[in-house]
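Heads up, the thing below is written out as structure tokens.
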Amino acid sequence: MTEAFVHMLSYLEPVLCLLLIIALIRSGSARKYLFLTALLSVRFLSSLICLVLLHFCGHGMERHLAYQTYFYVYWSSYAAESVLSLLVIYSIFKLAMAPLKGLQTLGMLVFRWVAAISIAVAIGVALTPHLSGVKFMVSMVTQLQQTSSILTLCLLLFVCFAIRPMGLSYRSRIFGVSLGLGLMATVSLVDSAWLSHNSNMYSTINIINGVVMCLTLCTWSAYFAFPEPKRRLIVLPTTSPFLRWNQISMALGDEPGYVAVGGVPPELFAPAELEVMRRASAKMPSDAAALSA
């Protein structure tokens, strides 16, 4: 019974992924949520290939070759999904902070540094003497996925607190995408901890993982199938920390002024500018004489 339910979920997931991609394209949001569309496309293609391999394994395809192909397709797509998940989080944060350009710029800069450090830590954790080749790749991808899950939960927490000040609502697609990513991240972290003690493919956690993934895809489809409410105009009080930090961030991001040091050759000026300066210089002696008189 459990095995049949897991197989049903594995066949249902690529169908829901395809329907969601169609909903993104029909709503005109595929370009705005480009990384989410790419993430869903990778997941759809990898699920489709893995299902085909499972179907033909032992029926026209040698089992060892089918397993090797399945292994590399699964882990390659898993690595691509980890990177794309980070990019989805980055794009969602950028969209959420669009009205406050100063905080958006500062937050994106901090996010880049955190993402780079997280990737470096994931590679460093995987670099152990007893891991090499395939085991190193599996360990690094797993660590990267866990890092992506933690950053996703932080983003969901931020969006939940900032949804009102940012002019969003719970019907906003930004909130819907963040909620779905948060559910997937939570299950992914629990799944990683569970698999370290139990590697059974048809365990309860795998059923929960499949159910949550299908529910997330259905939720996203609903968000993109129906019109999104317009974003409210942001009106912040003068004591709002969002306003203060946005002003500070914009001030820190301003370019400094420039002054001319030393002589400036006449070739740098346009003829009209040279004529204005010549006339101004000609008037200076007469003006000085009038003032002395």
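Here are a few things to note about the model shown:
- Qualifying residue in the range 73-83 (condition: more than 26 Å from the chain's Cα centre (by Cα) and over 23 Å from S178 (Cα atoms)): no
Results for (1) modelled with pLDDT under 85; (2) among the basic types (K, R); (3) surrounded by 13 or more Cβ atoms within 10 Å (Cβ to Cβ), shown as yes or no for each residue.
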{"position": "I205", "(1), (2), (3)": "yes, no, yes"}
{"position": "V211", "(1), (2), (3)": "no, no, yes"}
{"position": "T216", "(1), (2), (3)": "no, no, yes"}
{"position": "F224", "(1), (2), (3)": "no, no, yes"}
{"position": "R231", "(1), (2), (3)": "yes, yes, yes"}
{"position": "I234", "(1), (2), (3)": "yes, no, yes"}
{"position": "S240", "(1), (2), (3)": "yes, no, yes"}
{"position": "N246", "(1), (2), (3)": "yes, no, yes"}
{"position": "M250", "(1), (2), (3)": "yes, no, yes"}
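- Set side by side, the residues S169, S149 differ, and just one is crowded, with 18+ Cβ neighbours inside 10 Å and either of a type outside the set (A, V, I, L, M, F, W, C) or at pLDDT 75 or above (or both), which is S149.
- Criterion violated by E81 - all others in (1) at pLDDT 80 or above; (2) within 25 Å of V15 (Cα to Cα); (3) surrounded by fewer than 19 Cβ atoms within 10 Å (Cβ to Cβ) satisfied: (3)
- With respect to the conditions (1) part of a helix (DSSP H, G or I); (2) at pLDDT below 85; (3) surrounded by 14 or more Cβ atoms within 10 Å (Cβ to Cβ), P99 lacks only one, and its number is (1).
The values are calculated or read from the model by the stated rules, or taken from the named source; none is laboratory data. Because the structure is predicted, anything quoted here is derived from the model rather than measured. Here the Cβ is made from the backbone with ideal geometry for all residues, glycine too, and neighbour counts use every protein chain on show.
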